[in-house]
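The values are calculated or read from the model by the stated rules, or taken from the named source; none is laboratory data. If you're wondering where the values come from, they're calculated on a predicted model, not measured in any experiment. Using ideal geometry, Cβ is built from the backbone for each residue, glycine included, and neighbour counts are taken over all protein chains shown. Side chains included, ligands, DNA and RNA excluded: accessible areas come from the protein's heavy atoms. Shrake-Rupley method; radii C 1.70, N 1.55, O 1.52, S 1.80 Å.
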Amino acid sequence: MIIAIDGPAGTGKGTISKLIADRLGFGNIDTGAMYRAVTLKILREKIPLDDLESIQKLLENTRLSFNEDEEILLDGENVSHLIRTQEINRVVSQVSAIRFIREKLVLEQRNFAKGRDIVMEGRDITTVVFPDADLKIYLTADVEERAQRRYKEMLDKGVSTTYQEVLEGIKERDYQDMHKEYGALMIAPDAIVVDTTGKSIEEVYNEVTNYIKREEN
Ligand code: DC
């Protein structure tokens, strides 16, 4: 069974996907982590984002995988903590808009899911990666609430930032994610839209689980 979850930043996709996967014994793939890991490598190698030839070469020599805890490995290195920085937040949308990067990662995402029960989350899972997924969920929430959640996450991690900065960052990323030429964030016609505004994780989990049960029957 494939459960595909899309939605903008800060809607709780990561938390909900992980919870569903853990409780159902499914695999869980965070596709945003893959775009973030490629972004980290581009930044480390200091390649300008308009140098597509160098980015293409870098991609050919890049291996993405997940360890048994479903943390992302970049060329075998666990980078799961290094990819959640403001610096990466700022450029990852641009990197993920590059067509050949998307094409490669979409193929890898399909391969990771082969023969497994999986929850996969991202921006184009319900529309491009698995348009025939058994269940398609689009998570959404008010932008202010999403910014509050991200701001709190950042403070918990000891990152110095302001609510306003996080809010502006999320608005910018929403715009870029929704206006990409390829793989833009959109609601698949047959996706179930779940608004998480004002809801606890457990409430959202229960709502999504009810749809899964309906699908199983
Ligand atoms: O879910 P996230 O915030 O970690 O995703 C990071 C970025 O990667 C986000 O700005 C959009 C992009 N992304 C994408 O284009 N397609 C996906 N399937 C997942 C993420």
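Do you know which residues across region 149-177 are crowded, with 17+ Cβ neighbours inside 10 Å and either among the β-branched types (Val, Ile, Thr) or touching a Lys or Arg at 6+ places or on another chain (Cβ under 8 Å) (or both)?
166, 169, 170, 177
Are there any pairs with C-beta distances below 6 angstrom linking a residue in region 192-204 that is over 12 Å from residue 19 (Cβ atoms) to a residue that is in a loop (DSSP other than H, G, I, E, B) and open to solvent by less than 50 Å² (accessible area, probe 1.4 Å), with the two at least 6 apart or on different chains, and if so which?
That search, which allows pairs on different chains as well, returns 196/11; 196/12; 196/141; 197/141.
Quickly run through region 129-145 and pick out the residues that are in a strand (DSSP E or B) and more than 16 Å from residue 196 (Cα to Cα). Before you say what the answer is, go through the steps one by one.
Within region 129-145, the subset in a strand (DSSP E or B) is 135-140.
If the condition is that a residue be in a strand (DSSP E or B) and more than 16 Å from residue 196 (Cα to Cα), then 135 is the only one that fits.
Filter region 181-217 down to the residues that are within 20 Å of residue 97 (Cβ to Cβ) and open to solvent by 20 Å² or more (accessible area, probe 1.4 Å) and list them by number.
So in region 181-217, the residues within 20 Å of residue 97 (Cβ to Cβ) come out as 181-188.
Selection gives 181, 182, 186, 187.
Residue check: is residue 16 modelled with pLDDT of 95 or more, assigned to a loop (DSSP other than H, G, I, E, B) and open to solvent by less than 40 Å² (accessible area, probe 1.4 Å)? Spell out the reasoning first.
On the way: modelled with pLDDT of 95 or more: yes; assigned to a loop (DSSP other than H, G, I, E, B): no; open to solvent by less than 40 Å² (accessible area, probe 1.4 Å): yes.
Here the answer is no, as residue 16 does not meet what is asked.
How many of the residues making up region 15-50 are touching a strand residue (DSSP E or B) at 6+ places or on another chain (Cβ under 7 Å) and closer than 24 Å to residue 103 by Cβ?
Residues flagged as touching a strand residue (DSSP E or B) at 6+ places or on another chain (Cβ under 7 Å) and closer than 24 Å to residue 103 by Cβ within region 15-50 amount to 12.
Quick one: would you say residue 115 is touching a Lys or Arg at 6+ places or on another chain (Cβ under 8 Å) and open to solvent by 20 Å² or more (accessible area, probe 1.4 Å)? Spell out the reasoning first.
On the way: touching a Lys or Arg at 6+ places or on another chain (Cβ under 8 Å): no; open to solvent by 20 Å² or more (accessible area, probe 1.4 Å): yes.
Judged against the criteria, residue 115 is not a match.
Enumerate the helices (runs of 4 or more DSSP H) found wholly within region 20-123, keeping only those where 2 or more residues are within 12 Å of the ligand (Cβ to nearest atom).
Because the criterion is at least 2 residues that are within 12 Å of the ligand (Cβ to nearest atom), the helices (runs of 4 or more DSSP H) in region 20-123 that meet it are 31-44, 86-96, 99-113.
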